[in-house]
């Protein structure tokens, strides 16, 4: 029954993505799906991971937006009037609720992929922590170009990579390292249950990110290829690990 509930929640979140215009509804159903998935795969410790990810990412985003301390290296701001941010809930008037949820979603996907690959390749905990953070950066290599093009946020200065500052990716790595260390080293998160279908669901979720590739390719096909290759590698390794088990 638990497995069927996880599968149903995943399918429902995909339906929300394609048929319900408000992005916040998709995020809420996706979070529920991943929460149920995490409880089944990792046990109750996943609750702490979700909470810690939300708190840590929110603190660093608000510090970067509201103070002189900026972990992402370059000044940026969210376009609060963008239709994607339909909830109109903005923390401290600058940070959309939708982005706070996105951090947790991407972090969970990265966590599952990293631990799955780590178990498959018998990686050490420190290697898994670094891998998790690299996977998070590879996700941002895909979502940031599209988000900037769609005017969800903007950077004060950029680089040749779709106008996004390279310091931003280093910032993603640093924030991810903190949560990764807590999740893998301190909480000692491990896969408790293996089910082929359930374990495959995060892979399908990751593939949804590639809906952005068409827009990236239209902007710059060479940079789009560079941006997609790392995440494709992690997905392939994760799939091999899942089907090997």
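Identify all residues within the range 14-36 that are closer than 18 Å to residue 152 by Cβ and modelled with pLDDT under 90; write none if there are none.
17, 21, 22
Examine the range 10-25 for a residue that is assigned to a helix (DSSP H, G or I), surrounded by 15 or more Cβ atoms within 10 Å (Cβ to Cβ) and touching a strand residue (DSSP E or B) at 6+ places or on another chain (Cβ under 8 Å), and state whether such a residue exists.
The answer is no; no qualifying residue exists.
Suppose the filter is within 21 Å of residue 212 (Cβ to Cβ) and under 15 Å from the mean Cα position of the chain (by Cα); does residue 110 pass it?
Yes: the conditions hold for residue 110.
So which of 108, 78 is touching a strand residue (DSSP E or B) at 6+ places or on another chain (Cβ under 6 Å) and at pLDDT 95 or above?
78
Of 87, 33, 68, which residue is in a helix (DSSP H, G or I), over 19 Å from residue 187 (Cα atoms) and either touching a helix residue (DSSP H, G or I) at 6+ places or on another chain (Cβ under 9 Å) or free of Cβ contacts under 8 Å to residues at least 40 places away in the same chain (or both)?
Answer to the check: 33.
Here are some residues: 184, 117, 142, 178. Which one is crowded, with 16+ Cβ neighbours inside 10 Å, closer than 22 Å to residue 83 by Cβ, within 17 Å of the chain's Cα centre (by Cα) and touching a residue at least 40 places away in the same chain (Cβ under 8 Å)?
After ruling out the rest, the residue left standing is 142.
The values are calculated or read from the model by the stated rules, or taken from the named source; none is laboratory data. All values derive from a computational prediction rather than experimental measurement. Heads up, the Cβs are rebuilt from the backbone with ideal geometry, glycines too, and the neighbour counts pull from every protein chain shown.
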